[in-house]
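Single-structure report; data block below.
Just so you know, all these numbers are worked out from the coordinates, no wet-lab data involved. Since the model is a prediction, treat every value here as computed from it, not as a measurement. Positions of Cβ are generated from backbone atoms using ideal geometry, with glycine treated the same way; all protein chains shown enter the neighbour counts.
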Amino acid sequence: MSTRISRLLIVALFSACAATGALAAATGKTKAKSPAKPAASAAPALVWRGDYATARGVVEDVGKAWEKSGKGRIEIQPFNTASGLDAVAHGTADIAGSARGSAGGTESDLVFLPVAYDALVMITHPSNQVSNLTIAQLHQIYFGKITNWKEVGGKDAPINLYAVASPGDGVEYSLRRLIFGRGNQPVAAPRLYVNTAKLEEAVTLDPNALGVTTLSGVASNSKVKMVSVDGTRPSVATVTSGSYLLYTPLYLVTNKNNPKAAQIEAFMEFIKTDAVKALARQHQLVPYTDAPALAEQDNARRAKILAENGIKMPVEDPASVSGAAHQ
């Protein structure tokens, strides 16, 4: 698991759960005698696999709360979006985490449930003097037309662009869909990593680095610097208002043919509770139902971003890109 997950939040919210677990480990007998655990232990664990954005922002704390409630157990396997969607499609995982909607094709048979909004955050090294980039500059950087920090107000040094290797990664796909109009757009990023957690680690070591991750992943990470976009800093408030344009829904993805369908449905209902929404907010996320205007304004937002880059709004199948179609 990433060591940068907010320890203070976990301690504050789940100290009672931790104390119970410690007592069980110490006695070696509590599990068999406890009246609260049989239902959870009798049910098979739900296997979750997907990107680090949803793992850190939603699933880890929610999994602990789910287990504490006695409803079951979640086995969490954070890696990346593509691995999670593939595992759910082939039945080796029950739930996937994704920072993007369906890309169509084989993913059309999966059910995408939007649970929260997260900001797509451009990060660099704290020593980098550049604090803001425009949408147009990001487009040019990813296209390889801007290659030096001095071209965007920084020092005379190359822009070392970092990206996640998988073309279907949720964070990368969502950013490219916003600034290029299609999520599978090739970009000039020679430094590739398996997931956003590894990308973030690399950025901490490179004064000339630039890469994209999520607000929930780096809000408390002082080893990286968040870059404002078009003069607006990423935050819960600016995502909720829509003034920060680079945001994406986070999805939990399931397969309707899974034999654990009833158990999965119960977990999905649990996700909608006020307690889980509170967990999301504490991880710098906006619960999906807290900001209905963001879904309503999505086409206008995307058209505005693409217009700044001289790109016409593409015609898309709404069912392949919108979580609203899968709620």
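Key figures for this structure:
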read-out: Exposure proxy order (Cβ contacts within 10 Å, fewest to most) of HIS139, HIS90; value: HIS90, HIS139
read-out: Estimated inter-spin distance, SER241 and MET268, nm [label 7 Å along Cα→Cβ]; value: 3.5 nm
read-out: Using θ = phi - 60° and Karplus 6.51 cos²θ - 1.76 cosθ + 1.60, couplings along the stretch 63-68 (whole Hz; Gly, Pro as x); value: x, 5, 5, 4, 5, 4
read-out: Point-to-point label distance, THR204-ASP86, nm (Cα→Cβ direction, 7 Å offset); value: 2.8 nm
read-out: Relative exposure of ILE123, ILE135, judged by other C-beta atoms within 10 Å (fewest first); value: ILE135, ILE123
read-out: Overall dimensions of the stretch 47-134 as given by Cα atoms, namely Rg and Dmax in Å; value: 15.8, 50
read-out: Backbone N within the stretch 159-181 under 15 Å of label point (7 Å from ALA188 Cα along the Cβ vector); value: 159-163
read-out: Segment ALA275-GLU296, extension gain: residue separation times 0.36 nm, minus the distance between their alpha carbons; value: 5.0 nm
read-out: Net lengthening on full extension, ARG73/LYS155 (0.36 nm per residue, minus Cα-Cα); value: 24.5 nm
read-out: Fewest-first sequence of GLU172, GLU60 by Cβ atoms within 10 Å of each Cβ; value: GLU60, GLU172
read-out: Residues in the stretch 202-230 that a label on ASN132 would reach, taking backbone N under 16 Å of a point 7 Å out along Cα→Cβ; value: 226-230
